[in-house]
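Structure, as structure tokens:
Bear in mind these aren't lab numbers, they're just calculated from the coordinates by the rules spelled out. Quantities reported herein were computed from a predicted structural model and do not represent experimental measurements. All Cβ positions, glycine included, derive from the backbone under ideal geometry; neighbour counts span all protein chains shown.
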Number of protein chains: 4
Amino acid sequence: MERLSFLSDYNDGAHPALLRALAETNALVTPGYGEDDICDAAREKLRAACVCPEAAVWFLSGGTQTNATVIDAFLRPWQGVLAAETGHVNGHEAGAVEATGHKVLPLPQRDGKLAAEELRAWLDRFYADASWPHQVQPGMVYISQPTEYGTLYSLAELEALSALCRERGLPLYADGARLAYALACPENDAGLPDLARLCDAFYVGGTKCGALLGEAVVIPRPAALPQFFTVMKRHGAVLAKGRVLGVQFDALFTDGLYYEIGREAVRLADRLRAALREKGYRLAVPSPTNQVFAWVDAAALVRLQERVAFNVWEAAEDGGAMVRFVVGCSTPAKDVEALIALL
Amino acid sequence: MERLSFLSDYNDGAHPALLRALAETNALVTPGYGEDDICDAAREKLRAACVCPEAAVWFLSGGTQTNATVIDAFLRPWQGVLAAETGHVNGHEAGAVEATGHKVLPLPQRDGKLAAEELRAWLDRFYADASWPHQVQPGMVYISQPTEYGTLYSLAELEALSALCRERGLPLYADGARLAYALACPENDAGLPDLARLCDAFYVGGTKCGALLGEAVVIPRPAALPQFFTVMKRHGAVLAKGRVLGVQFDALFTDGLYYEIGREAVRLADRLRAALREKGYRLAVPSPTNQVFAWVDAAALVRLQERVAFNVWEAAEDGGAMVRFVVGCSTPAKDVEALIALL
Amino acid sequence: MERLSFLSDYNDGAHPALLRALAETNALVTPGYGEDDICDAAREKLRAACVCPEAAVWFLSGGTQTNATVIDAFLRPWQGVLAAETGHVNGHEAGAVEATGHKVLPLPQRDGKLAAEELRAWLDRFYADASWPHQVQPGMVYISQPTEYGTLYSLAELEALSALCRERGLPLYADGARLAYALACPENDAGLPDLARLCDAFYVGGTKCGALLGEAVVIPRPAALPQFFTVMKRHGAVLAKGRVLGVQFDALFTDGLYYEIGREAVRLADRLRAALREKGYRLAVPSPTNQVFAWVDAAALVRLQERVAFNVWEAAEDGGAMVRFVVGCSTPAKDVEALIALL
Amino acid sequence: MERLSFLSDYNDGAHPALLRALAETNALVTPGYGEDDICDAAREKLRAACVCPEAAVWFLSGGTQTNATVIDAFLRPWQGVLAAETGHVNGHEAGAVEATGHKVLPLPQRDGKLAAEELRAWLDRFYADASWPHQVQPGMVYISQPTEYGTLYSLAELEALSALCRERGLPLYADGARLAYALACPENDAGLPDLARLCDAFYVGGTKCGALLGEAVVIPRPAALPQFFTVMKRHGAVLAKGRVLGVQFDALFTDGLYYEIGREAVRLADRLRAALREKGYRLAVPSPTNQVFAWVDAAALVRLQERVAFNVWEAAEDGGAMVRFVVGCSTPAKDVEALIALL
């Protein structure tokens, strides 16, 4: 019997519609570096989805590259980036931010999220210390939506963070590696237009949301990041055949595909969460998106590992563990049922 | 009538065989980050082509990213990279090498090439100056094969460079963005096994040789670049769906496709060069690969620009120019004939 | 009545013997960049004090500069430096380490110190996580002796750390900004020869120990840090008149002056600690060196701030505070008595 | 007989007045980090000398450190610094600028100087190339006054450069490592107030003009370089006992000492130049400051090297050489006469 995989949302290829679009446009001759009509069409669709006609949109290859490039573009030499201590930029990107010369300033978090009030308290403490000019100064705020734990910022939380950031002159940047699964979530109340209104930059993730590769950076007020193309180039983030990314985002934002991808995955993840609860498992994180975190005991752990690929997040003392199941763009409903049967 | 394009070799999509391979493998579930079986198969094929079973092979997205990552991995803080002043890393990569903290040390060149004797003289002069410890020290040598001018290092030239580099403890790194067109060239006498024998690292270009994107770094003696995966990650050069690159290189190195792509383009470029010569044009650079450089007068320039897209490399005083025509993986033979008819 | 100062040990000029040495050597004509006979003599004295005749000794200007230069010289691109979260490099150097492209990996601490067993546990956890190649890898260990809290590593603690570091291939580096006060401390059992035996690099602080400026880096096995002069130069850490530092270290290590400076300050700090205890104050940190940390209540705080300059380290809820008094190289015994009278 | 030294202007100690000032202020207790009254007094004197009451003035330790710090503070990630190819930052600072992530863009020069018209032509060519966004963009202009060859920009040349820089939005920065010798030069027509009016930053050199160490950065419009203190700290350029620099600059700018130091050295250099000319030597560079460049034949070279320390700048084919004699702050007039006698 075949092994089930709930490892992550990047273990497959692309949504078939994207492959088709790549094939259909393959013979076209276009300018390189993302300066072609298809990229422009994709940009227009993203601007429309964000209700932000003046936004700049740039296509990059992956999340770490995108984070390092945007952060490098925002910060000045005396500044660092504030992030939850669990933020992807702090612990999972091999020091890509530090490689640009900037410190990640880690903040306490709850379920992967920063709270405006804790950020305010941190900033107040920072500047209350007379020695602050001897320290790396906060230059921007990094959040992820959904977070590394699959949780969501509510619109109210984002508005509070954004208001504080503007009050303190700190650009707010949201990592949307899995944004499709946030936007598709029934309980989510922050749409793309909200992100465009509240953030100074954010990216709409492609790689983990049905693309072969690709992330679309949206800069609602482009004057905030001048010469961003050159900053991308300096980071090795400009593809000669830039249209490879544009074609895919054009397809993702045609006929609502991006949302559809998210919805189906969240629906299946909800199904899995319900089944876990029914069978008496404790959910470890209140994630409403495509990542499911649960505590399993030692026996269940062994049983599941025989048949299913998934991540062990944290070992428990009793031999059990907190585990993560990820539903991706191409996870079949029958695999979710098979997993549930094994629980 | 449709406009002809001889702008570059990255204005199309991928060779159809690569798209097919992506479609055929699309539904497979594999580990991420290039740790899958397809990437491993592609690595094996590259090792076989290089007759270097112990080589490490890594897949990255583009040339600038690859150069910056490899150079960062080789150099120590007190070192810079020696390159022809026309080298891609010196003037066309937005300071990606300097962004890693290292200077590009520019050397005089001929037709884009470094000569071993000039390198030796430079090194001798450098260390003869008692103030050398106050200067950036040479830490490696960057060349490109073919060069930015489409010219080739002969095997003898490569052996001389390699011998000198080993004598002086300088790793030799070759940028093979257009390597297919070098390997396919009738006059070329340096094959992949020679590069593997003579270089400390080189990359086999995919993007400009028929792939959607992708470059394969070959490190013949992997101990030379420890923890290269982490260095890649730090440069944002690890794709979550790393197999996107492996699938393409697997196809490129199946049944000699990589060589076939190169041969057809070089055949057409040779046809264009012969026609230019016949019609009395002066070739500007002795390039035997897929880039054709020629001087055209003012009238021809105007006439050609009406119907053909190509690069003007350098303006001449008489209103003419040195122009570049590039034949790519998907350039139709009929377009070459159409261009010739316009000359 | 004059205000007393216990702010820090860098609020005065130099020990008179150092100024005298500068005056006496002022007219000499010597080579620049620390390549003169006086620097060489100072190096010899430091080597002798360390009983390490093969050590390389380099003179730099200040602590942050020294830390960034040494750390940059040790680390490779995929590595970061492990340090106590309270370590000076982590929070007080404006990101000088990150400016070299490297992350500071913060570790839990006790009284400013790292314990070998906690370091071992951290390393074991790090490499037990299969995703470690996606993270900044530990490349060296930074400690300070005395620590930011004035506490000391015992010889046994240093030996345990050093043994672990060697087992794991991690260079051990000690920041000795206030080393004179460690070496002079009655309870200290780790001398310069021990540091030279157990560390891969450390610095003997001058600025806070009686010099106008200057820190002496000792590298017991110089092959560990090749081309260190060029790394210094790249950090702007080579003084043209390098002898300014050599002259001062020569004086500091003539007739035991460095130890004498430390002893007198520690004697006065001990006197102050004893008086605090006698008068019922609680010492906040078990520091045996020239920094004295104590809790004072609100009334005492107000009373003291009227007459004495010192640092408030941490506010208490009752209006009192944890305060720091530093005894420096030139603090007069009568000022300590005056402070005690005010307690 | 004692060997004469004309090696450089950093082979001695300090001007006696500076040593005296250090001794006289030695016992004072002051705040650290340059925040003391003496530094403030020195700043006021520099502002007065520049007739620029709003200027920010910062004290750093040496030239390479100062250049890297100022350049890092000015540039954004997509920018590099334009400099004469002979500029100190390009070839003599071990890549300190590149260590901050920025490229030095070398320009042709004459006698060490950039001409406004050549800079204009370079900029026009740069932006005429459609691929400029793929390249490091010019972000500021570095010059030195006097240059590495001891030559001077005239006021008219500085005004032309400054006007062009302002037209193009490029900050202009002048390295004044040997500024005393420019200001003192009879033919110089650009004073400190001119530099303050025409430059966006410049530094008044101390180390080579009579100080033990120290350079004073003047920023006429401080808003141009916000948070400069933190940028300095990040570069390891903040001395704990910052007053060591302030005391010296206070002395240098008391009673015109800085100018007096320059005048005496230039007077002696002029004497040497006149003698060289009289004796039939060819001056190699039209330097009017404290550096004297001359061609000597093989016999003279041997004869001089027996008795005099100086730099050989360039070997001639006939066994002779272009040599450099530097007159420093403490070079005795009798030594110049002794050198002349040997010519």
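A crude spin-label estimate for the pair C:GLU85 and D:ARG221, with each label 7 Å from Cα along the Cβ direction, gives 4.4 nm.
Only DSSP H runs of four or more residues enter the estimate; each adds -39500 (n - 2.57), and after division by the residues of the protein assembly as shown the mean residue ellipticity at 222 nm equals -12000 deg cm²/dmol. The dipole here belongs to the protein assembly as shown: it is taken about the Cα centre, uses +1 on the Cβ of Lys and Arg and -1 on the Cβ of Asp and Glu, and is about 0 debye. Taking amide H as placed 1.01 Å from N in the peptide plane, C:PHE202 has its amide H under 5 Å from the amide H of C:ALA174, C:VAL218, each at least 5 places away in sequence or on another chain. Placing a label point 7 Å from Cα along the Cα-to-Cβ direction at B:ARG267 gives distances to the equivalent points in the other copies of 5.2, 8.5, 9.5 nm, listed shortest first. Per-residue shielding of D:201-213, expressed as the average number of other chain Cβ atoms within 10 Å of the residue Cβ, stands at 2. Sketch the reach of a paramagnetic label on D:ALA338 as a point 7 Å from Cα along Cα-to-Cβ, and name the residues of segment D:242-273 whose backbone nitrogen lies under 19 Å away. Answer for segment D:242-273: D:265, D:268-273. Restricting the GluC sites (Glu not before Pro) of segment C:70-156 to loop positions (DSSP other than H, G, I, E, B) with no more than 12 neighbouring Cβ atoms within 10 Å leaves nothing. Put simply, when A:270-278, C:60-68, B:55-63 are sorted by average Cβ atoms within 10 angstrom per residue, most first, you get C:60-68, B:55-63, A:270-278.
Computing FRET efficiency as 1/(1 + (r/R0)^6) for C:ASP111 and D:GLU317, where r is the C-beta to C-beta distance and R0 is 56 Å, gives about 0.25. Near C:GLU314, once Lys and Arg are set to +1 and Asp and Glu to -1 for all other residues with Cβ below 15 Å from its Cβ, the sum equals -3. What does the C-alpha gyration tensor say about the overall shape of segment C:183-243? Classify as rounded when a/c is under 1.5, otherwise prolate if a/b is larger than b/c, or oblate. Since a/c reaches 1.5 but b/c is at least a/b, the shape of segment C:183-243 is classed as oblate.
Peptide A:29-38 has a mean shielding of 4, counted as Cβ atoms of other protein chains within 10 Å of each residue's Cβ. The per residue volume of the convex hull around the alpha-carbon atoms of segment A:9-112 is 170 Å³. For the pair segment B:1-55 and segment D:274-329, the centres of their Cα atoms are 63 angstrom apart.
Taking R0 as 30 Å, what's the FRET efficiency between C:ARG303 and D:ALA48 from their Cβ-Cβ distance, rounded to 0.05? Efficiency computed from Cβ-Cβ geometry: 0.10. Determine the shape class of chain A: with a ≥ b ≥ c the square roots of the Cα gyration tensor eigenvalues, call it rounded for a/c under 1.5, and otherwise prolate if a/b is greater than b/c, oblate otherwise. It comes out oblate by the Cα gyration axes. For a modelled paramagnetic label at A:GLU167, 7 Å from Cα along Cα-to-Cβ, the residues of segment A:99-134 in reach, with backbone nitrogen under 12 Å, are A:116-124.
Of the GluC sites (Glu not before Pro) found in segment D:295-343, those in coil by DSSP whose Cβ has at most 14 other Cβ atoms within 10 Å are D:GLU317. In this Cβ point-charge picture (+1 for Lys and Arg, -1 for Asp and Glu), segment B:155-221 has a dipole of about 220 debye about its Cα centre. For segment B:78-97 versus segment C:146-193, the inter-centroid distance based on Cα atoms is 43 Å. Restricting attention to chain A, close to 55% of DSSP beta bridges with both partner residues there are antiparallel. Here segment D:234-279 is treated with +1 on each Lys and Arg Cβ and -1 on each Asp and Glu Cβ, and its dipole about the Cα centre works out to around 260 debye. As a quick test, which of the pairs C:LYS241/D:LYS113; C:LYS113/C:LYS334; C:LYS208/D:LYS233; C:LYS103/D:LYS233; A:LYS103/B:LYS241; A:LYS103/A:LYS241 have an alpha carbon distance above 21 angstrom in this structure? Checking Cα-Cα distances, C:LYS241/D:LYS113; C:LYS113/C:LYS334; A:LYS103/B:LYS241; A:LYS103/A:LYS241 exceed 21 Å.
Take each residue in A:219-232, count the other chain C-beta atoms within 10 Å of its C-beta, and the mean is 3.
Overall shape: prolate for segment A:232-343, with the ratio a/c of the largest to smallest alpha carbon gyration tensor axis at 1.5 or above and a/b above b/c.
By the Cβ distance rule (another cysteine Cβ under 4.7 Å), the unpaired cysteines of chain A are A:CYS39, A:CYS165, A:CYS185, A:CYS199, A:CYS209, A:CYS329. Pick from D:GLY150, D:GLY112, D:GLY236: which residue has the top mean-square fluctuation in a GNM of chain D where Cα pairs under 10 Å get a spring? Residue with maximal mean-square fluctuation among D:GLY150, D:GLY112, D:GLY236: D:GLY236. When each of the peptides C:8-14, C:44-50 is scored by the mean number of other C-beta atoms lying within 10 Å of its residues, the order from highest to lowest reads C:8-14, C:44-50. Provide an ascending nm list, one decimal, of label-point separations from C:GLU187 to the equivalent residue in each further copy; define each label point as 7 Å from Cα along Cα→Cβ. For C:GLU187, the other copies' label points sit at 5.2, 7.0, 8.0 nm, shortest first. Centroid-to-centroid, using Cα positions, segment D:212-228 and segment B:197-251 are 45 Å apart. Exposure proxy ranking for B:SER5, D:SER154, D:SER287, based on other Cβ atoms within 10 angstrom of each Cβ and starting from the fewest, stands as D:SER154, B:SER5, D:SER287.
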